[in-house]
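Step one of this worksheet: look at the structure below.
Please treat every number below as a calculation from the coordinates, not as lab data. A quick note: this is a predicted structure, and the numbers were derived from the prediction, not measured. Cβ sites come from the backbone with ideal geometry, for glycine too, and all protein chains shown count toward neighbours.
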């Protein structure tokens, strides 16, 4: 079978179950155009009356999401461009938290940086035992400023701080489940998909209004995130244009 190479974001609905899938050939990393399309499709699913529950997934069987696209990070020339880039992540997070549908995360492989943030924003998350996690931002001279509020909300300040400081080592899927990032882990993608199918089938026949109110209640306290995450994006935008960050990023990209 020919390998898919062209980046995309797709959205489809079947039997009241929506699925958003994205892909980039660089381990499902996220350039600015993919971030924008992802936010747009999440908002679309949120207002789609035919969708009662939403699955978020990426293509392939290796990486779930490698976070920011390093080639684009290296091209950022000033703080304004940096703000625009990192605000792309903020817009995705805000789209996920404001979406009135439960978002079911399908984490089939490693999640790094912004990929961990995506997993944390899902309302219920399935993963495989290959889905280890890492916040690598400090290793490239910045920090997980945009995604850390969502991660901290899910796994607590102590565990988030641990990930942010130890930025070069992965934590296992078992660790992530123990901390509350994942609800269940499975030894294979097939078994994970069967479990997702079972849950989403049940939710597709459940009261949409009740599910929407439950989600709203559990995200209470994040109403200021439109402005808050924009401010966080500005911090990352300021740091990414420093000579130190550029040097770290170039070296890390070659190592990676």
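Of all residues in segment 141-174, those satisfying the criterion of being buried (at least 17 other Cβ atoms within 10 Å of the Cβ), part of a helix (DSSP H, G or I) and either in contact (Cβ under 8 Å) with a residue 40 or more places away in the chain or under 17 Å from the mean Cα position of the chain (by Cα) (or both) are 148, 149, 150, 151, 152, 153, 154, 155, 160, 163, 164, 173.
Residues in segment 62-75 that are assigned to a loop (DSSP other than H, G, I, E, B) and touching a strand residue (DSSP E or B) at 6+ places or on another chain (Cβ under 9 Å) were compared, and the one that is nearest to residue 22 (Cα to Cα) is 64. If you go through segment 105-122 and pick out every residue that is farther than 12 Å from residue 151 by Cα and assigned to a loop (DSSP other than H, G, I, E, B), you end up with 3.
Looking across 192, 177, one residue alone is surrounded by 16 or more Cβ atoms within 10 Å (Cβ to Cβ) and within 26 Å of residue 46 (Cβ to Cβ). It is 192.
Residues are listed down the side, and each one gets a yes or a no for (1) in a loop (DSSP other than H, G, I, E, B); (2) touching a helix residue (DSSP H, G or I) at 6+ places or on another chain (Cβ under 6 Å):
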site: 26; (1), (2): yes, no
site: 34; (1), (2): no, no
site: 40; (1), (2): no, no
site: 43; (1), (2): no, yes
site: 50; (1), (2): yes, no
site: 54; (1), (2): no, yes
site: 77; (1), (2): yes, no
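Can we say residue 87 is touching a helix residue (DSSP H, G or I) at 6+ places or on another chain (Cβ under 9 Å), farther than 24 Å from residue 208 by Cβ and assigned to a loop (DSSP other than H, G, I, E, B)? Judged against the criteria, residue 87 is not a match.
A quick yes/no check of all residues on (1) within 23 Å of residue 54 (Cα to Cα); (2) surrounded by 17 or more Cβ atoms within 10 Å (Cβ to Cβ); (3) out of contact with any helix residue (DSSP H, G or I) (no Cβ under 9 Å at 6 or more places or on another chain); (4) free of Cβ contacts under 8 Å to residues at least 24 places away in the same chain:
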site: 196; (1), (2), (3), (4): yes, yes, yes, no
site: 216; (1), (2), (3), (4): yes, no, yes, no
site: 232; (1), (2), (3), (4): no, yes, no, no
site: 240; (1), (2), (3), (4): no, yes, no, no
site: 251; (1), (2), (3), (4): no, no, no, yes
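For segment 110-125, indicate whether the set of residues that are surrounded by fewer than 21 Cβ atoms within 10 Å (Cβ to Cβ) and out of contact with any strand residue (DSSP E or B) (no Cβ under 9 Å at 6 or more places or on another chain) is non-empty. Looking through segment 110-125, none of the residues is surrounded by fewer than 21 Cβ atoms within 10 Å (Cβ to Cβ) and out of contact with any strand residue (DSSP E or B) (no Cβ under 9 Å at 6 or more places or on another chain).
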